[in-house]
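Just so it is clear, none of the values below were taken in a lab; they were calculated from the coordinates. Only a predicted model underlies this, so the values are computations on that prediction, with no experimental measurement involved. Don't worry about glycine lacking a Cβ; one is built from the backbone with ideal geometry, like all the others, and counts go over all protein chains shown.
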Amino acid sequence: MHPTYISKIKYESYILSQYERTKQKSPNINIATNKIDVKGYLQQKGYVSNYFIAKEWTVSNTVEELLSFFKARAYGLCWRVSDDIFHQVINEFEEFCINHYGSLKTNLSSEAKFEIWAYKAI
């Protein structure tokens with residue numbers, strides 16, 4: 001498994017742990033988190049799928065740049081943390097990143113791909 005992918009998992013795990021902490025404090029939060037099996041649904045309706053990777057490339061960012069995406073709530077999981085504690089969580093997360101990577105200037109890279117799933121009725 002690529003080191004940047006592992007880092008992304010750590011990022012998401014950290015943010016989601018804060019969401020769980022928020023959820024315990026605020027039982028009135030009602031967010032739908034059910035996963036939908038689109039592929040299974042379409043196959044059940046008689047469609048067949050074609051999968052194609054249109055493009056692959058390497059993505060490189062500094063920890064600071066990646067952290068800025070979380071600060072801007074660019075990822076849906078960031079919206080799970082309540083506004084009341086979001087800034088505190090991000091500050092703790094920034095401290096975690098500094099301790100884990102040694103610097104916010106550390107460069108991380110990973111492979112990315114543009115995937116196409118096409119479905120056709122049979």
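Worth pointing out:
- Modelled spin-label separation between SER103 and TYR47, with each label point placed 7 Å from Cα along the Cα-to-Cβ direction: 4.8 nm.
- As an equivalent ellipsoid, the stretch 45-97 spans semi-axes of 33, 19, 7 angstrom, where each value is the square root of five times an eigenvalue of the C-alpha gyration tensor, largest first.
- Calculated from backbone phi, Karplus (6.51, -1.76, 1.60) coupling profile of the stretch 90-97 in Hz, x at Gly/Pro: 5, 4, 5, 5, 4, 4, 4, 4
- Restraint check, LYS35/LYS120; LYS45/LYS71; LYS39/LYS113, Cα-Cα greater than 30 Å: LYS45/LYS71
- Within a straight-line Cα-Cα reach of under 19 Å, LYS105 can be paired with the following aspartates and glutamates, leaving aside sequence neighbours fewer than 8 residues apart in one chain: GLU64, GLU65, GLU92, GLU94, GLU95.
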